[in-house]
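Q: Below is a structure I'd like to ask you about.
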């Protein structure tokens, strides 16, 4: 659904959302996955890289947006809230699933075209996790109020830690999260890019990942209540430092692990976001920089989910389209970017160009005051 923006927007939050989307597109679209700068790769298992920070920040900004939407929900009856949250989360989840199933038809081994069977289509994914976390956070905040949400955050991380310790080991094949996904979904519906059926966006990880959404919500509510003041910045930064300190201590017994979304990882990423948000507020709201460099990121921030979905769909189309013996994605990289620079730099240039192409689509929408709510 497309509509003009009506409610007041906070440019600093648009900039943070936009920066996150831009980074997500860059880390997801290198020209060649075999030649990527180390900071633009996820940690293999335990550990933390800058790229591991991007997705939790996306969830954090989902929480920021929820801090504006939820007060409007409060004016509705419980049935209407369930319908509204259910519809939006289902739409995001289904779009993520359809992205994996696309283009829906393909030739079989004999060359005959037919519908791609659903039996082998991946169910979890980035958009699916966003949908589940959004739904859980929204319903908790509406029905259990903020006190219930705080209680959830206090209990969810230790409870998830207990599940990981008691129901599995720390290996990719034997952890509790993958056991749950295999039991509920089956191996044919999981990601196989790790060499075994294991999904880094598995369903059990929704428990700690929702804490990132909650943190974004509470940060957004503080910002709205206190405004762009030094008190707001100080409180956000103190909370961020506290989260990082606890995360670093917890890491000694429960390592940072993005693929398992360990509680120490959740707290670390929340802490970092609570430091970045006041920086954005200071630069954009307090120094009035919104009319200059920030506009680039605002374009992404005003159509966040749509532009991310567009980027993922574009990759699928390019990979599914062939130019000679190569798919169009690899062909475009080899012809237009590989000759320009050393392999890792050429791969990065391709990703940046891809991101800029997505920005251009967002720019056209913004100039026409079209904001697509997914």
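Every read-out reported here was derived from the displayed coordinates using simple, explicitly stated rules and does not represent laboratory data. What you see is a predicted model; the values in this text were computed from it and never measured. Quick reminder, even Gly has a Cβ in these numbers, built from the backbone with ideal geometry, and neighbours come from all protein chains shown.
Q: On a full-extension model of 0.36 nm per residue, what is the gain between residue 116 and residue 295, subtracting their alpha-carbon distance, rounded to one decimal in nm?
A: 60.3 nm
Q: To continue, here is another question. Test of understanding: what is the full-extension gain from residue 241 to residue 279, defined as 0.36 nm times their sequence separation minus their Cα-Cα distance?
A: Taking residue 241 through residue 279 to full extension adds about 12.3 nm, to one decimal.
Q: In Å, the Kirkwood hydrodynamic radius of the range 128-181 over pairs of distinct alpha carbons?
A: 12.6 Å
Q: Rg and Dmax of the range 279-374, using alpha carbons, in Å: what are they?
A: Rg, Dmax (Cα atoms, Å): 16.6, 54.
Q: Here's another thing I want to ask about it. Please order 20, 35 by the number of other Cβ within 10 Å, starting at the fewest.
A: Taking fewest neighbouring Cβ atoms as first place, the list is 35, 20.
Q: Determine the relative contact order of the chain: mean sequence separation of Cα pairs under 8 Å and six or more apart, normalised by residue count, in whole percent.
A: Reported as a whole number, the value is 31 percent.
Q: Let me ask another. What would the Debye formula give as log10 I(q)/I(0) at q = 0.06, 0.07, 0.08, 0.11 Å⁻¹ for the alpha-carbon point model of the range 2-372, no solvent?
A: For the range 2-372, the Cα-only Debye profile gives -0.23, -0.32, -0.42, -0.82.
Q: So what's the Cα pair-distance distribution over the range 13-83, bin width 10 Å, in %?
A: 18, 34, 24, 16, 8, 0
Q: If neighbour count is taken as other Cβ atoms inside 10 Å, put 143, 102, 55 in order from fewest to most.
A: Ascending number of Cβ neighbours within 10 Å: 143, 102, 55.
Q: Determine the shape class of the range 15-145: with a ≥ b ≥ c the square roots of the Cα gyration tensor eigenvalues, call it rounded for a/c under 1.5, and otherwise prolate if a/b is greater than b/c, oblate otherwise.
A: In terms of gyration-tensor shape, oblate.
Q: Which value, to two decimals, describes the C-alpha radius of gyration of the range 129-235 once divided by 2.2 N^0.38 Å?
A: Taking the Cα Rg and dividing by 2.2 N^0.38 Å, one obtains 1.31.
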